[in-house]
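Novice: Right, I'll just put the structure down here and ask away after.
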Amino acid sequence: MNADGFRTIVEPFRIHSVEPMRMLDREQRERRLVSAGYNLFALHSDDVLIDLLTDSGTGAMSSEQWAAIQRGNEAYAGAPSWFRFVSAVRELFPFRHVLPTHQGRAAEKILFSVVGGPGRVIPNNTHFDTTRANIEASGAEAVDLVIEEGTHPDSWHPFKGNMDCTELEKLLISRADDVPLVMVTVTNNSSGGQPVSMANLREVRQVCDRYGKPLFLDACRFAENAWFIKTREEGYADIGVADIVREMASYADGMTMSAKKDPLANIGGWLALNDDAIAERCRSLEILTEGFPTYGGLAGRDLDAIAVGLHEAVDEDYLRYRIASTAYLGNALLRLGVPVVVPFGGHAVFIDARAFLPHIPPLRYPGQALACALYLEGGVRSCEIGTVMFGRHPDGSEQPAPMDLVRLAIPRRTYTQSHIDYVTEVVERVAASADELAGMEMTYEPARLRHFTATFRPRMDRQGVSHARSEPDGLHSQR
Ligand code: F0G
């Protein structure tokens with residue numbers, strides 16, 4: 001509900017330029033799916049009607065951001081764009097060293113090349129896939145310590161992204177020397193876009209202090225997290241979002257960031273930290289791989305777009321709309337009886353594919369089957385976050401991920417309410433014939449980050465499927 005009590009979500013912007021979308025028919029989509037090896041990352045995005053693959057870099061920039069692009073200055077070193085960028089970053093995250101990067105994973109790569117390595121272990125509430133992969137690529141171990149409720153899609157805990165501080169302390173008791181830093185991801189993308197409370201951040205800080213460990217935020221969705229603190233945590237209702245963000249930052253010693261999320265830019269990121277010695281080593285690596293430290297892989301105009309985006313990200317009208325419009329989709333699916341992760345996350349609605357397709361065992365990839373079905377049915381592209389993404393372990397074994405989710409990520413300021421109503425209708429149709437899906441088989445698997453490039457085929461057999469039917473069946477029925 002908005003400030004005047006109206007139910008309708010009024011987008012706090014109007015449309016300034018439009019991007020046409022193309023409607024394919026079902027038969028055309030089926031052909032595209034086959035040639036993409038049933039991997040939605042391999043589609044031509046012109047063949048997608050509503051693209052909910054990610055909220056990363058896919059949002060609409062504002063007229064002020066486009067104006068900032070024109071202001072961009074491309075001096076190699078010390079450009080005015082750099083100074084505008086760094087002061088916007090420090091206004092919210094006052095860390096001593098700020099190293100711009102071309103996106104979040106570049107910041108992770110630099111940080112873990114310096115503090116990771118064999119024998120090291122890095123705890124997080126839940127590592128995002130690139131964070132985990134960068135840690136593992138350095139030879140270190142990535143450990144997820146989210147609270148128990150964070151792994152139960154139907155638990156209504158208001159801060160399901162919280163770190164389990166008892167488990168964190170246990171890890172530090174047994175392996176303190178191996179832990180270079182502790183991370184907390186706000187919001188916790190991989191377990192449903194769930195927020196972390198201020199109380200939890202404070203408690204993690206206390207644990208870190210007891211063992212002399214630095215705390216780093218993976219802060220991609222810091223503004224959405226701050227909005228949840230404001231609206232769900234006692235004592236924060238009257239505090240401005242920017243002040244909440246500054247308090248979150250005050251418990252940390254550094255951060256990694258993707259400017260493609262809450263900073264409302266199409267590209268960019270940064271690594272920020274207080275430790276001079278680590279910063280110096282990171283800066284040397286940055287020069288090697290990203291660029292001079294006042295642009296770090298970005299054009300001056302990108303730095304300017306991020307600077308403006310950071311101000312817009314903490315605007316309360318924007319955040320109220322953002323969180324309400326995500327909940328609008330979540331509530332519509334709940335009303336249809338679709339199992340969704342509750343409470344709804346900030347940037348996405350996550351369908352619990354294991355509950356949606358209870359007859360498909362995790363190693364037949366129910367999330368992948370559902371994501372493909374949503375594309376086939378209505379041209380909606382979503383993303384599996386489950387056993388395909390997280391099922392392969394460094395020791396070579398394959399195990400079911402804790403959850404099999406399908407993420408409907410909502411690009412910022414991009415789709416209207418009728419686009420979302422259409423998505424709801426597509427999910428409703430897939431739900432009506434869900435028992436006809438039989439899961440997927442992987443036909444190619446790369447060595448790392450397999451979900452990006454693996455290929456699949458729909459299972460035609462229903463062996464191992466819990467309530468088997470007599471007729472042969474595939475991903476979808478013949479209509
Ligand atoms: N950390 C989190 C929590 C993320 O969600 C992402 C990216 C990254 C780090 C890496 O940032 O893409 O700029 O290199 N998430 C995107 C997603 C890709 O779809 O959730 P990046």
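Novice: Got a sec? Which of 112, 41 is part of a helix (DSSP H, G or I), in contact with a His (Cβ under 8 Å, 6 or more places away or on another chain) and not charged (D, E, K, R)? Write out each step before concluding.
Specialist: On the way: 112 fails: in contact with a His (Cβ under 8 Å, 6 or more places away or on another chain).
Residue meeting the stated conditions: 41.
Novice: Restricting attention to region 70-95, which residues are hydrophobic (A, V, I, L, M, F, W, C), within 17 Å of residue 296 (Cα to Cα) and part of a helix (DSSP H, G or I)?
Specialist: 82, 83, 85, 86, 88, 89
Novice: Continuing with the same structure: So which residues in region 168-210 are more than 16 Å from the ligand (Cβ to nearest atom), touching a strand residue (DSSP E or B) at 6+ places or on another chain (Cβ under 9 Å) and not in a helix (DSSP H, G or I), if there are any at all?
Specialist: Within region 168-210, 179, 180 qualify.
Novice: Something else about it: How many residues does region 387-441 hold that are hydrophobic (A, V, I, L, M, F, W, C), part of a loop (DSSP other than H, G, I, E, B) and away from the ligand (no atom under 16 Å from the Cβ)? So that I can check it myself, show each step before the final result.
Specialist: Here is the first cut: in region 387-441, the residues hydrophobic (A, V, I, L, M, F, W, C) are 388-390, 401, 403, 405-406, 408-410, 420, 423, 426-427, 430-432, 434, 437-438, 440.
Next, from what is left, pick out any that are part of a loop (DSSP other than H, G, I, E, B): 401, 403, 410, 437-438.
Among the residues that remain, those that are also away from the ligand (no atom under 16 Å from the Cβ) are: 437-438.
Here the count works out to 2.
Novice: So which of 59, 78 is within 15 Å of the ligand (Cβ to nearest atom), open to solvent by less than 40 Å² (accessible area, probe 1.4 Å) and among the small types (Gly, Ala, Ser)?
Specialist: Details: 78 fails: within 15 Å of the ligand (Cβ to nearest atom).
Checking each option against the conditions leaves just 59.
Novice: Checking the structure you have, find out if any residue of region 40-56 is buried (at least 23 other Cβ atoms within 10 Å of the Cβ), under 17 Å from residue 222 (Cβ atoms) and not small (Gly, Ala, Ser).
Specialist: For region 40-56, residues buried (at least 23 other Cβ atoms within 10 Å of the Cβ), under 17 Å from residue 222 (Cβ atoms) and not small (Gly, Ala, Ser): present.
Novice: Against the condition farther than 20 Å from residue 267 by Cα, in contact (Cβ under 8 Å) with a residue 12 or more places away in the chain and more than 16 Å from the ligand (Cβ to nearest atom), how does residue 31 come out, does it pass? Give the derivation first.
Specialist: Numbers: farther than 20 Å from residue 267 by Cα: yes; in contact (Cβ under 8 Å) with a residue 12 or more places away in the chain: no; more than 16 Å from the ligand (Cβ to nearest atom): yes.
So residue 31 does not fit the description; no.
Novice: Name the residues in region 251-267 that are of a type in the set (Gly, Ala, Ser) and more than 8 Å from the ligand (Cβ to nearest atom), would you? Break it down into steps so the answer makes sense when it comes.
Specialist: Going residue by residue through region 251-267, those that are of a type in the set (Gly, Ala, Ser) are 252, 254, 258-259, 265.
Of everything in region 251-267, those that are of a type in the set (Gly, Ala, Ser) and more than 8 Å from the ligand (Cβ to nearest atom) turn out to be 252, 254, 265.
Novice: Might you check whether a residue that is assigned to a loop (DSSP other than H, G, I, E, B) and away from the ligand (no atom under 16 Å from the Cβ) occurs anywhere in region 122-137? Break it down stepwise before answering.
Specialist: Filtering region 122-137 for residues assigned to a loop (DSSP other than H, G, I, E, B) gives 125-128.
Next, only the ones that are away from the ligand (no atom under 16 Å from the Cβ) stay: none.
No - not one qualifying residue is present in region 122-137.
Novice: Applying the selection to region 211-265, what residues are aliphatic (A, V, I, L, M) and part of a strand (DSSP E or B)?
Specialist: Keep residues of region 211-265 that are aliphatic (A, V, I, L, M), which gives 215, 217, 219, 223, 226, 229, 237, 239, 241-242, 244-245, 248-249, 252, 255, 257, 259, 264-265.
Residues satisfying the conditions are 215, 217, 255, 257.
Novice: Then there is this: Being within 15 Å of the ligand (Cβ to nearest atom) and either farther than 28 Å from residue 342 by Cα or open to solvent by 10 Å² or more (accessible area, probe 1.4 Å) (or both) is the filter here, so list the residues in region 143-163 that pass it.
Specialist: Scanning region 143-163 gives 144, 146.
Novice: Does residue 117 qualify as being assigned to a loop (DSSP other than H, G, I, E, B), buried (at least 24 other Cβ atoms within 10 Å of the Cβ) and at pLDDT 95 or above? Can you show your working first?
Specialist: On the way: assigned to a loop (DSSP other than H, G, I, E, B): yes; buried (at least 24 other Cβ atoms within 10 Å of the Cβ): no; at pLDDT 95 or above: yes.
No: the conditions fail for residue 117.
Novice: From 53, 24, which residue is more than 16 Å from the ligand (Cβ to nearest atom), part of a loop (DSSP other than H, G, I, E, B) and in contact with a Lys or Arg (Cβ under 8 Å, 6 or more places away or on another chain)?
Specialist: So the residue among 53, 24 that is more than 16 Å from the ligand (Cβ to nearest atom), part of a loop (DSSP other than H, G, I, E, B) and in contact with a Lys or Arg (Cβ under 8 Å, 6 or more places away or on another chain) is 24.
Novice: Can you name the residue in region 298-322 that is in a helix (DSSP H, G or I) and touching a Gly at 6+ places or on another chain (Cβ under 6 Å) and, of all such residues, is most open to solvent (accessible area, probe 1.4 Å)? Full working, then the answer.
Specialist: If we filter region 298-322 for residues that are in a helix (DSSP H, G or I), which is where we start, we get 300-313, 316-322.
Next cut, touching a Gly at 6+ places or on another chain (Cβ under 6 Å) only: 300-302, 304, 306.
Values: 300: 6, 301: 107, 302: 36, 304: 2, 306: 0 Å².
Among those that are in a helix (DSSP H, G or I) and touching a Gly at 6+ places or on another chain (Cβ under 6 Å), it is 301.
Novice: What residue, of 365, 375, is within 26 Å of residue 148 (Cα to Cα), hydroxyl-bearing (Ser, Thr, Tyr) and in contact with a strand residue (DSSP E or B) (Cβ under 7 Å, 6 or more places away or on another chain)?
Specialist: Working: 375 fails: within 26 Å of residue 148 (Cα to Cα).
Sole residue among the options that is within 26 Å of residue 148 (Cα to Cα), hydroxyl-bearing (Ser, Thr, Tyr) and in contact with a strand residue (DSSP E or B) (Cβ under 7 Å, 6 or more places away or on another chain): 365.
Novice: May I ask you to verify whether residue 71 is without any contact (Cβ under 8 Å) to a residue 60 or more places away in the chain and either under 22 Å from residue 18 (Cβ atoms) or surrounded by 14 or more Cβ atoms within 10 Å (Cβ to Cβ) (or both)? I'd like the intermediate steps shown before the answer.
Specialist: On the way: without any contact (Cβ under 8 Å) to a residue 60 or more places away in the chain: no; either under 22 Å from residue 18 (Cβ atoms) or surrounded by 14 or more Cβ atoms within 10 Å (Cβ to Cβ) (or both): yes.
No, not satisfied.
Novice: OK, next. I need a count of the residues in region 279-297 that are open to solvent by 10 Å² or more (accessible area, probe 1.4 Å) and either touching a helix residue (DSSP H, G or I) at 6+ places or on another chain (Cβ under 6 Å) or not β-branched (Val, Ile, Thr) (or both). Break it down into steps so the answer makes sense when it comes.
Specialist: Filtering region 279-297 for residues open to solvent by 10 Å² or more (accessible area, probe 1.4 Å) gives 280-281, 283-285, 287-290, 292-295, 297.
Right, trim to either touching a helix residue (DSSP H, G or I) at 6+ places or on another chain (Cβ under 6 Å) or not β-branched (Val, Ile, Thr) (or both) and you get 280-281, 283-285, 288, 290, 292-295, 297.
Result for region 279-297: 12.
Novice: If a residue must be among the small types (Gly, Ala, Ser), open to solvent by 10 Å² or more (accessible area, probe 1.4 Å) and closer than 14 Å to residue 92 by Cβ, how many such residues does region 214-247 contain? Can you show your working first?
Specialist: Here is the first cut: in region 214-247, the ones among the small types (Gly, Ala, Ser) are 219, 223, 226, 235, 237, 240, 242.
Narrowing the set further to residues that are open to solvent by 10 Å² or more (accessible area, probe 1.4 Å) leaves 235, 237, 240, 242.
From the residues that got through so far, the ones that are closer than 14 Å to residue 92 by Cβ too are 240, 242.
Total meeting the criteria: 2.
Novice: Scan region 187-203 and report the pairs whose first residue is over 19 Å from residue 257 (Cα atoms) and acidic (Asp, Glu) and whose second residue is part of a helix (DSSP H, G or I) and more than 16 Å from the ligand (Cβ to nearest atom), with Cβ atoms within less than 7 Å and a gap of 6+ or a chain change.
Specialist: Filtered contacts from region 187-203: 203/165.
Novice: Inspect region 367-383 for any residue being at pLDDT 95 or above, under 21 Å from residue 188 (Cα atoms) and in a loop (DSSP other than H, G, I, E, B) and give the result as yes or no.
Specialist: yes
Novice: Filter region 169-182 down to the residues that are within 10 Å of residue 143 (Cβ to Cβ) and out of contact with any Pro (no Cβ under 6 Å at 6 or more places or on another chain), then identify the one that is most open to solvent (accessible area, probe 1.4 Å).
Specialist: 175
Novice: Moving on. What's the number of the only condition in (1) closer than 18 Å to residue 390 by Cβ; (2) more than 10 Å from the ligand (Cβ to nearest atom); (3) touching a Cys at 6+ places or on another chain (Cβ under 9 Å) that residue 111 fails to meet?
Specialist: If we test residue 111 against (1) closer than 18 Å to residue 390 by Cβ; (2) more than 10 Å from the ligand (Cβ to nearest atom); (3) touching a Cys at 6+ places or on another chain (Cβ under 9 Å), just (1) comes out false.
The values are calculated or read from the model by the stated rules, or taken from the named source; none is laboratory data. This structure is a prediction, so every number in the text was calculated from the model and none was measured. Here Cβ is always computed from backbone atoms with ideal geometry, including for glycine, and neighbour counts include all displayed protein chains. For accessibility, only protein heavy atoms count, side chains too; no ligands or nucleic acids. Shrake-Rupley method; radii C 1.70, N 1.55, O 1.52, S 1.80 Å.
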